[in-house]
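K.L.:
Below you will find the structure I want to go over with you.
Here, each number is a calculation from the coordinates, and none is a lab measurement. Remember, predicted model here, so these are calculated numbers, not experimental data. Don't worry about glycine lacking a Cβ; one is built from the backbone with ideal geometry, like all the others, and counts go over all protein chains shown.
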């Protein structure tokens, strides 16, 4: 008898019929003799609806109350799924994040799991029950309900699997992890396996199937993560530790994001303290920086460009305003019309010439780039959004993605 944590996203439980379908899938697994913990998201667009209701009342609703409100979406899903399982003749129990022992820290609406007191879940499993847990939520040190932010249900599922020392299965509306988003490139290939490191890179760069935080937990606690379609029995993708075979292909995948902005700050005094002060201010605003490039010093000044998510625009503007007051003569530009295109692959560690090939592809297709950064396993460019499809097709064909 095996133990498994399964997670079903909002699109998989979006209607009563879909919830019944999930119940049948879970029941089949339990009938085969496995113990099952199921993590579910809110139904369909429930979270968006709840946020919209709050915004009709207040332009800036308190984050504590938003967490209280948004957590109700998952509670609807878990209770309905538990009812559906009981109708099929399988004993089950629904649990909120608090009841499942999910402890969190950090700020409201974007909390982080600090620990899971797993005894309640284990006790119900030992009774032979299917345990249905609300994703996306927990409780902080003050006893307040918190939500985990983007990808929170995936994070809940992987964290539970880590605590229970078992595999985690993520069921969604796609068949697995693809080399390229099939909506952008119809010939994209589905991957059988991908390393944690590559998946984290792709997730952070715009691949929407998994969130970085959940994959990070999987890697830290060596939890195999299986991503597959929720409606049919089709082979999915395993996210796991890297092995030698994973390096046979130079590039594993290509990620594209239209959710970024590029900030360029010119005429910054060439001083480590000044630069440090800038990024400290950004960190205090919880601004997550991705690409960073800096020019060589000239006449005592440097220019710095970096990218971040569009959702951080207001925070960026506040930081820039303060930074300008502290450093007279500094000028800033915010470019909201960019696409970030990145290639990712462990094979880059052992194969030379990938950067040269990428520059050649862009040049041959008349695609200008505004910024480029590299790491050991990825190369990222910011390009004009009008060139996105052309760039995706050209890069995917050359690297056989």
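K.L.:
Determine how many Å³ per residue the convex hull of the Cα atoms of the range 235-294 encloses. Walk me through the numbers on the way to the answer.
P.N.:
Working: hull volume 12.2 nm³, N = 60.
Hull volume normalised by residue count: 204 Å³.
K.L.:
Please report the equivalent ellipsoid semi-axes of the range 299-390, computed as sqrt(5 x eigenvalue) of the Cα gyration tensor, largest first, in whole Å.
P.N.:
Working: eigenvalues 183, 51, 37 Å².
They are 30, 16, 14 Å, listed largest first.
K.L.:
Follow-up. Could you give the C-alpha radius of gyration of the range 163-236 expressed as a fraction of 2.2 N^0.38 Å, taking N as the number of residues it contains? Write down the numbers at each step before the final one.
P.N.:
Values: Rg = 12.2 Å, N = 74, 2.2 N^0.38 = 11.3 Å.
Relative to the 2.2 N^0.38 Å estimate, the range 163-236 comes out at 1.08.
K.L.:
When you have a sec, figure out the Kirkwood radius of the range 199-301 from all distinct Cα pair distances and drop it here in Å to one decimal? Show your work: numbers first, answer last.
P.N.:
Working: mean 1/r = 0.0572 Å⁻¹.
Mean inverse Cα-Cα distance, inverted, gives 17.5 Å.
K.L.:
Let me ask something else about it. Considering only DSSP beta bridges whose two residues both sit in the chain, what percent are antiparallel, to the nearest 5?
P.N.:
On the way: 44 of 72 bridges.
Of all bridge pairs located within the chain, approximately 60 percent are antiparallel.
K.L.:
Please report the spacing between the Cα centers of the range 9-49 and the range 102-136 in Å, no decimals.
P.N.:
Here the answer is 17 Å between Cα centres.
K.L.:
Determine, for each peptide in 231-242, 252-263, 269-280, the mean count of other beta carbons within 10 angstrom over its residues, then list the peptides with the highest first.
P.N.:
On the way: 231-242: 16.3, 252-263: 21.6, 269-280: 13.4.
Descending packing order for the listed peptides: 252-263, 231-242, 269-280.
K.L.:
What FRET efficiency would be calculated for the residue pair residue 221, residue 117, taking the C-beta separation as r and a Förster radius of 22 Å, to the nearest 0.05? Write out the running numbers ahead of the final one.
P.N.:
Details: r = 16 Å, r/R0 = 0.75.
Calculated transfer efficiency: 0.85.
K.L.:
I'd like the orientation of helix 313-326 relative to the chain: the angle between its Cα long axis and the longest Cα principal axis, in ° from 0 to 90, rounded to 10.
P.N.:
Here the helix axis deviates by roughly 40 degrees.
K.L.:
Go from 0 up to the bin containing the longest alpha carbon distance in the chain, width 10 Å each, and give me the % of pairs per bin.
P.N.:
Percent of pairs per bin, in order: 5, 21, 27, 25, 16, 5, 1, 0.
K.L.:
Quick check: the angle from helix 272-284's long axis to the longest principal axis of the chain, C-alpha only, nearest 10 degrees?
P.N.:
Rounded to the nearest ten degrees, it is 30.
K.L.:
Stretched out fully, how many nm does the piece from residue 24 to residue 360 gain, at 0.36 nm a residue minus the Cα gap? The partial results should precede the final answer.
P.N.:
Details: separation 336, 0.36 × 336 = 120.96 nm, distance 5.14 nm.
Separation in residues times 0.36 nm, less the Cα-Cα distance, equals 115.8 nm.
K.L.:
Return, ordered by residue number, the residues of the range 305-334 whose backbone nitrogen is under 13 Å from a label point located 7 Å along Cα→Cβ of residue 294.
P.N.:
305-306
K.L.:
Name the shape class, rounded, prolate or oblate, that the alpha-carbon gyration tensor gives for the range 288-331, where a ≥ b ≥ c are the square roots of its eigenvalues, rounded holds for a/c under 1.5, and otherwise prolate holds if a/b is larger than b/c and oblate otherwise.
P.N.:
Details: a/c = 3.97, a/b = 1.30, b/c = 3.05.
Verdict is oblate for the range 288-331.
K.L.:
Something else about it: Please compute the modelled spin-label separation between residue 393 and residue 83, points set 7 Å along Cα→Cβ, answer in nm with one decimal.
P.N.:
Going from the residue 83 label point to the residue 393 one covers 5.0 nm.
K.L.:
Any idea how far apart residue 34 and residue 48 come out in nm if each label point goes 7 Å out from Cα toward Cβ?
P.N.:
3.1 nm
K.L.:
A follow-up question, please. When only C-alpha pairs under 8 Å and at least 6 residues apart count, what is the relative contact order of the range 178-229, in percent? Intermediate values should be presented prior to the final figure.
P.N.:
Details: 35 pairs, mean separation 12.0, N = 52.
Relative contact order comes out at 23 percent.
K.L.:
By per-residue mean of other Cβ atoms within 10 Å, what is the highest-first order of 5-16, 293-304, 21-32, 148-159? Walk me through the numbers before you get to the answer.
P.N.:
Working: 5-16: 22.2, 293-304: 13.1, 21-32: 17.8, 148-159: 25.8.
Averaged packing, sorted descending, gives the order 148-159, 5-16, 21-32, 293-304.
K.L.:
Continuing with this model, one more query. Could you state the angle between the C-alpha long axis of helix 63-87 and the longest principal axis of the C-alpha atoms of the chain, as a value from 0 to 90 degrees rounded to the nearest 10?
P.N.:
40 degrees
K.L.:
How many nm separate the modelled label positions at residue 400 and residue 127, each set 7 Å beyond the Cα in the direction of the Cβ?
P.N.:
Roughly 5.5 nm, to one decimal.
K.L.:
How much of the pair distance distribution for the range 238-368 lies past 18 Å, counting alpha-carbon pairs only, in percent? Let's see the in-between values first.
P.N.:
On the way: 5428 of 8515 pairs.
Within the range 238-368, distances greater than 18 Å cover 64 percent of Cα pairs.
K.L.:
I would also like to ask the following. Evaluate the relative contact order of the chain (contact order divided by residue number), counting alpha-carbon pairs under 8 angstrom at least 6 apart; express in whole percent.
P.N.:
Averaging sequence separation for qualifying contacts and normalising by length gives 13 percent for the chain.
K.L.:
May I ask for the Kirkwood hydrodynamic radius of the range 47-89, worked out over all distinct Cα pairs and given in angstroms to one decimal? The partial results should precede the final answer.
P.N.:
Working: mean 1/r = 0.0852 Å⁻¹.
Hydrodynamic radius (Kirkwood, Cα pairs) of the range 47-89 is 11.7 Å.
K.L.:
Translational diffusion coefficient of the range 1-134 at 10 °C, 1.306 mPa s, Stokes-Einstein with Kirkwood Rh over Cα pairs, in µm²/s as a whole number.
P.N.:
On the way: Rh = 15.6 Å.
Diffusion coefficient, whole number: 102 µm²/s.
K.L.:
Additional query: Among 334-340, 320-326, how do they line up by average Cβ neighbours within 10 Å per residue, starting with the highest? Walk me through the numbers on the way to the answer.
P.N.:
Details: 334-340: 16.4, 320-326: 13.4.
The peptides rank, most packed first, as 334-340, 320-326.
K.L.:
At 222 nm, what value in deg cm²/dmol follows for the chain if DSSP H runs of at least 4 each add -39500 (n - 2.57) and the sum is divided by all its residues, to the nearest 500?
P.N.:
Working: 11 runs with 141 residues, N = 401.
For the chain, the value works out to -11000 deg cm²/dmol.
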